[in-house]
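Have a look at the structure below, then the notes.
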Amino acid sequence: MKTDPILMNRIYITLLILTVCITSCSTKDTSFSVTNEAVGPVIKTTKTSELKALFKGPTDSLVKTDSDNYVLFEKGGTKLMKLSAKKEDKEIIDHIQFFDDRYTTQNGISLKSTFKDIQAAYTVKKISNMIDFIIVSVEESEIYFIIDKKHLSSEVRFSTSSRLEPIQVPGEAPIKHFMFSWPL
């Protein structure tokens, strides 16, 4: 049985057109994406004076506080994130704190994640022992995670002087906050 070359060319062209249409139509929503290059529409070079233009949509509400912080809310009042300016230069965004669990790192970590999830997605660089919480810094990113000390054993919960190792943090300890800071 002989195949018609014209028919085969039409099939190939049709498949090619379908493939192009499907790939061009599937755009990924990055509104809640946290990468080393961007946090939603905010990039490292975004100035605080540009934030109002970035978040002027019908679903966003940006509020500047007295302390040069910018808090983003959804219409309806859900607090999404806080962007803080550098003390030395109020135009430069120093760090961002996330309040909504839809913000997710490129490795899949969000406020719904646990210490075990962090360990599976990143290499723990350092655990800083504070009074009421610990700060987990990772090798691959400038993201850091806050975990409440109430999830730790009593032998390390009430101490700020002891050095913490990852083995001392229970895997099921939930993330209380997570933040991001671009290196300058």
*asked:* What are the pairs with Cβ atoms under 6 angstrom where one residue, in the range 125-137, is farther than 14 Å from His177 by Cα and the other, located anywhere, is surrounded by 14 or more Cβ atoms within 10 Å (Cβ to Cβ)? Sequence gap at least six, or different chains.
replied: Lys125/Ser137; Lys125/Val138; Lys126/Ser137; Ile127/Ile134; Ile127/Val136; Ile127/Leu164; Ser128/Ile135; Asn129/Leu164
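Within the range 56-67, can one find any residue that is in a loop (DSSP other than H, G, I, E, B) and under 18 Å from Gly171 (Cβ atoms)?
Residues of the range 56-67 in a loop (DSSP other than H, G, I, E, B): 56-59, 65-67.
This time we only want the ones that are under 18 Å from Gly171 (Cβ atoms), so: none.
Checked the range 56-67: no residue is in a loop (DSSP other than H, G, I, E, B) and under 18 Å from Gly171 (Cβ atoms).
Criterion first (among the hydroxyl-bearing types (Ser, Thr, Tyr), in contact with a helix residue (DSSP H, G or I) (Cβ under 9 Å, 6 or more places away or on another chain) and surrounded by 13 or more Cβ atoms within 10 Å (Cβ to Cβ)) does Thr114 satisfy it? Give the steps one after another, and end with the answer.
Values: among the hydroxyl-bearing types (Ser, Thr, Tyr): yes; in contact with a helix residue (DSSP H, G or I) (Cβ under 9 Å, 6 or more places away or on another chain): no; surrounded by 13 or more Cβ atoms within 10 Å (Cβ to Cβ): yes.
So Thr114 fails the test.
Go over the candidates Asp132, Asp60 one by one and state the one that is at pLDDT below 95, touching a strand residue (DSSP E or B) at 6+ places or on another chain (Cβ under 8 Å), within 30 Å of Val156 (Cα to Cα) and surrounded by 11 or more Cβ atoms within 10 Å (Cβ to Cβ).
Working: Asp60 fails: within 30 Å of Val156 (Cα to Cα).
That would be Asp132, the only listed residue that is at pLDDT below 95, touching a strand residue (DSSP E or B) at 6+ places or on another chain (Cβ under 8 Å), within 30 Å of Val156 (Cα to Cα) and surrounded by 11 or more Cβ atoms within 10 Å (Cβ to Cβ).
Would a scan of the range 38-47 turn up a residue that is more than 26 Å from Asn107 (Cα to Cα) and modelled with pLDDT of 90 or more? Step through it out loud before you land on a result.
Within the range 38-47, the first condition is being more than 26 Å from Asn107 (Cα to Cα), and the residues that meet it are 47.
Next, only the ones that are modelled with pLDDT of 90 or more stay: 47.
Yes, because at least one residue in the range 38-47 is more than 26 Å from Asn107 (Cα to Cα) and modelled with pLDDT of 90 or more.
Does Thr48 qualify as being surrounded by 19 or more Cβ atoms within 10 Å (Cβ to Cβ) and either over 15 Å from Ile143 (Cβ atoms) or more than 20 Å from the chain's Cα centre (by Cα) (or both)? Even if it seems obvious, please write down each step before you answer.
Values: surrounded by 19 or more Cβ atoms within 10 Å (Cβ to Cβ): yes; either over 15 Å from Ile143 (Cβ atoms) or more than 20 Å from the chain's Cα centre (by Cα) (or both): yes.
Yes, satisfied.
Check Thr35, Thr114, Thr78 and return the single one that is closer than 30 Å to Asp148 by Cβ and at pLDDT 95 or above.
Numbers: Thr35 fails: at pLDDT 95 or above; Thr78 fails: at pLDDT 95 or above.
That would be Thr114, the only listed residue that is closer than 30 Å to Asp148 by Cβ and at pLDDT 95 or above.
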*Output the residue which, of all residues in the range 144-184 that are among the aliphatic types (A, V, I, L, M), open to solvent by less than 30 Å² (accessible area, probe 1.4 Å) and farther than 28 Å from Met81 by Cα, is modelled with the lowest pLDDT.*
Val156
*Taking interchain pairs and intrachain pairs at least six residues apart, which have beta carbon atoms under 7 angstrom, with the first residue in the range 32-50 and closer than 11 Å to Trp182 by Cα and the second buried (at least 17 other Cβ atoms within 10 Å of the Cβ) and aromatic (Phe, Trp, Tyr)?*
Val39/Phe180; Lys44/Trp182
_Out of everything in the range 75-95 that is over 17 Å from Phe178 (Cβ atoms) and hydrophobic (A, V, I, L, M, F, W, C), what residue ends up being surrounded by the fewest Cβ atoms within 10 Å (Cβ to Cβ)?_
Ile92
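The values are calculated or read from the model by the stated rules, or taken from the named source; none is laboratory data. Keep in mind the model is a prediction, meaning the values are calculated, not measured. Backbone-built Cβ (ideal geometry, glycine too); neighbour counts: all protein chains shown. Quick note on the areas: whole protein, heavy atoms, side chains included, nothing else; ligands and nucleic acids left out. Shrake-Rupley method; radii C 1.70, N 1.55, O 1.52, S 1.80 Å.
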